[in-house]
Amino acid sequence: MDLAKPRVDIGMSTNNLGPVLAFWQGEAGVAFDHLLPIRRGQNQHRHDANGSVLKINAYAEPVPAGEPKCYRELYLAREGLAGPRAMADPDGNRVTLVPPGWRGITQAGIRLAVRSLDAHRAFYAGALGLAEADWEGGAAFRAGETLLILEESTDAPSDATMPGTGWRYITFQVFRVDAEHARVLAAGGREAMPPTTLGTTARISMVRDPDGNWIELSQRASIVGTLEAG
């Protein structure tokens, strides 16, 4: 995958906006960047997490709680720490602050629970074109500076849903959404949403991994300078 930004973004949804924002901006020390209206009834509170965007989505209508998901934990490298510091926000979303370089995490890491390491190794290496990195007890893939960590688990969802609270999806910023989307599908990925242009902001699509987890591909005008399809 030809990344336009060497870091992976992560999105969550909440029905508990005030306390969740207070946690991330206060205890987790993640800086608020700006508010992005996505569509009627959905606002996205965007934060800078070591160059990754932490996207906290809030809705006019409550989203379901407790739906199964594979995205289990966010790791953020933080200077000045002697060791990992594990925390959870008011919705139970886990984040661990780690010293830079801890287990190979220099910027951010995203931990996923998957049903089959073999199937997801084939997807992340073949369909997404990412290089595998060492990770004791599982597998990891390097997407620019971000480490995607896969751990086999019997309670991983077999067909993950997008609606629900908590971590819901990750985002790769790419130069050409249409080309990358087609390449992922040709390599065995599943389509969740075809390439679609969102005003003058971005052209995006959604694909799904072997467990049905949602992955956004985004061609953002502010990064690549164009929303032209191709």
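The values are calculated or read from the model by the stated rules, or taken from the named source; none is laboratory data. Computed from a predicted structure; not experimentally measured. Here the Cβ positions follow ideal geometry from the backbone for every residue, glycine too, while neighbour counts run over all protein chains shown. Surface areas here come from the heavy atoms of the whole protein model, side chains and all, with no ligands, DNA or RNA. Shrake-Rupley method; radii C 1.70, N 1.55, O 1.52, S 1.80 Å.
Summary table
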read-out	value
Which numbered condition A156 misses (of (1) under 18 Å from the mean Cα position of the chain (by Cα); (2) at pLDDT below 95; (3) small (G, A, S); (4) under 29 Å from P37 (Cβ atoms))	(4)
Tabulated pairs, region 1-23, first touching a residue at least 24 places away in the same chain (Cβ under 8 Å) and over 23 Å from C70 (Cβ atoms), second in a helix (DSSP H, G or I) and open to solvent by 20 Å² or more (accessible area, probe 1.4 Å), C-beta under 6 angstrom, 6+ apart or interchain	A4/I223; A4/V224
Residue among E145, E132, E191 that is within 17 Å of E216 (Cα to Cα) and at pLDDT 95 or above	E191
Enumerated strands (runs of 3 or more DSSP E) restricted to region 102-187, each holding at least 1 residues that are touching a residue at least 12 places away in the same chain (Cβ under 8 Å), under 28 Å from N57 (Cα atoms) and in contact with a helix residue (DSSP H, G or I) (Cβ under 6 Å, 6 or more places away or on another chain)	108-114, 139-143, 146-152, 166-173
Subset tally (residues that are in a strand (DSSP E or B) and open to solvent by less than 20 Å² (accessible area, probe 1.4 Å)) for region 188-205	3
Of all residues in region 85-136 being among the hydroxyl-bearing types (S, T, Y) and open to solvent by 30 Å² or more (accessible area, probe 1.4 Å), the one that is farthest from the chain's Cα centre (by Cα)	S116
Region 24-43 residues that are of a type outside the set (A, V, I, L, M), paired with ones that are assigned to a loop (DSSP other than H, G, I, E, B) and open to solvent by 90 Å² or more (accessible area, probe 1.4 Å) (beta carbon under 7 Å, 6 or more apart)	G41/E61
Residues being open to solvent by less than 60 Å² (accessible area, probe 1.4 Å), assigned to a loop (DSSP other than H, G, I, E, B) and closer than 20 Å to G144 by Cβ - total across region 50-77	1
